[in-house]
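Scroll down for the structure; my scribbles are underneath it.
The values are calculated or read from the model by the stated rules, or taken from the named source; none is laboratory data. These figures come from a predicted structure and were not determined experimentally. Glycine gets a Cβ as well: all are built from the backbone with ideal geometry, and neighbour counts include every protein chain shown. These accessible areas exclude ligands, DNA and RNA; they are computed on the full protein's heavy atoms, side chains included. Shrake-Rupley method; radii C 1.70, N 1.55, O 1.52, S 1.80 Å.
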Amino acid sequence: MSKIKAEYIWMDGHVPTQKLRSKTKVLNGPIDSISDLPIWGFDGSSTNQAVGNDSDCMLNPVYMVPDPIRGEDDILVMCEVMNPDGSVHASNTRAHLRHVSEKFANEESWFGIEQEYTLFEGRNPLGWPEGGYPAPQGPFYCGVGADEVFGREIVEDHMQLCLDAGLELSGINAEVMPGQWEYQIGPLSPLEASDQMWISRWLLYRVSEEYGVSATLHPKPVKGDWNGAGAHTNFSTKSMREPGGIDAINAACEKLSKKHDEHIEVYGADNDERLTGLHETCSIKEFRYGVSDRGASIRIPMQTSNDGFGYLEDRRPSANMDPYKVCAILIETTCN
Ligand code: ADP
Ligand code: MN
Ligand code: MN
Ligand code: MN
């Protein structure tokens, strides 16, 4: 038996966008299963989750992976926040997805989430001239060379950390705006995709610390003629993935067309700044779906259209969205 470090990670009560918090518990290890981890507490009055005279909140471990930064037997632990009596805390958005994914388990839904983000050094995106602008967008997307891409060391480190943690990271690319990048997690079950997305975000913030750089998920980090940052959410059910599944995909799009406002409500704060109808987006006021259409709300990938089965891509969620909420509403709208 030896001492190990468990980093307990949770979502705070910050409004309108919840942020990540974490603290370290030293335990006798190694820890083999999530059920071996103790419940823990924290001061909710410092995270906008409780008032000072009744400040204790509970951390309930729900998902763990190896800690790729500390190594050895150390672990990262995603937690649900509970009230002192064990009931679900108001800020706990995972609990609802837990219920939804259980209720619709027979649909076997999969999610693949594309996380876009922007690296900042001080008040400027990484690589931008002090107080000014780089050349207009065009050469940066998937670019190579010191004058085209900025922050690749961080991005490479982050990718390796995600893989070492056992996350289902499926790729990375430099984005259209310089200093902006993307990685994808999935396809995975709704809870796994969401838990892994939150842990990968924690790793992104954490590794950026080492470079004195901060990563932001703001949907429009630079105003004007610059691309925003989204979290395209790729989604399929078992019936969509089987031959003839295109009918199920079209039926899902029709259902989604009737719930546009409800979806936008949970697709991230300040998303109106991003969904303008420009920069490969559809206006926040419209709903459209189409094959290969990057100006639509929902894109049906060309491969899916050609095969007659596959998945759909919801292009509306912004980079700062909560995957627990987005996965839950996609299942509820399309599977009901
Ligand atoms: P884009 O062409 O929009 O940039 P990406 O390659 O960045 O697409 O992301 C596509 C995502 O879709 C990946 O995370 C991938 O794992 C996921 N994906 C692939 N097949 C499915 C599927 N059947 N259901 C859900 N997600 C899927
Ligand atoms: Mn992508
Ligand atoms: Mn992208
Ligand atoms: Mn996409």
Heavy-atom accessible area of ASP147 with all protein chains present, probe 1.4 Å, nearest 10 Å²?
110 Å²
For the stretch 1-124, with all protein chains present and a 1.4 Å probe, just round the carbon and sulfur fraction of the accessible area to a whole percent.
48 percent
Cα-based shape type of the stretch 206-251, given that a ≥ b ≥ c are square roots of the gyration tensor eigenvalues and the cut on a/c is 1.5:
oblate
In nm, the gap between the two label points placed 7 Å beyond Cα toward Cβ at SER170 and LYS5 is 3.3 nm
Cα centre as origin, Lys/Arg/Asp/Glu Cβ charges: the chain dipole, Debye:
560 debye
Could you pull the accessible area for LYS23 with a 1.4 Å probe, rounded to 10 Å²?
60 Å²
Length gained when the stretch GLN137-LYS103 is fully extended (0.36 nm per residue, less Cα-Cα span)
7.8 nm
Apply the a/c threshold of 1.5 to the C-alpha gyration tensor of the chain and tell me whether it is rounded, prolate or oblate.
oblate
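LEU275: net charge of surrounding residues, Cβ under 15 Å, Lys/Arg +1, Asp/Glu -1, itself excluded?
Numbers: positive: LYS220, LYS223, ARG274, LYS285, ARG288, ARG294, ARG299, ARG315, ARG316; negative: GLU116, ASP261, GLU265, ASP270, ASP272, GLU273, GLU280, GLU286, ASP293, GLU313, ASP314.
Result for the neighbourhood of LEU275: -2.
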Using 0.36 nm per residue of separation minus the Cα-Cα distance, give me the extension gain between GLU210 and VAL15 in nm, one decimal.
67.5 nm
Run the simple label-point estimate for ILE69 and GLN160 please: 7 Å along Cα→C-beta, distance reported in nm.
1.6 nm
Output the peptides 11-21, 125-135, 306-316 sorted from most to least packed, where packing is the average of other Cβ atoms within 10 Å over each peptide's residues.
306-316, 11-21, 125-135
Of the residues ILE249, SER200, SER283, the Cα lying farthest along the dipole of the stretch 186-311 towards its positive end, which is defined by charges on the beta carbon of Lys, Arg, Asp and Glu, belongs to ILE249
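Can you work out the accessible area per residue across the stretch 3-92, with the rest of the protein chains kept in place, probe 1.4 Å, in square angstrom?
For the stretch 3-92, the per-residue accessible area is 48 Å².
Under 12 Å from the Cβ of ARG241, count the other residues' Cβ atoms, weight Lys and Arg +1, Asp and Glu -1, and hand me the total.
In short, -3.
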Can you give me the distance in nm between label points at ASP270 and SER189, each placed 7 Å from the Cα along the Cα-to-Cβ direction?
3.5 nm
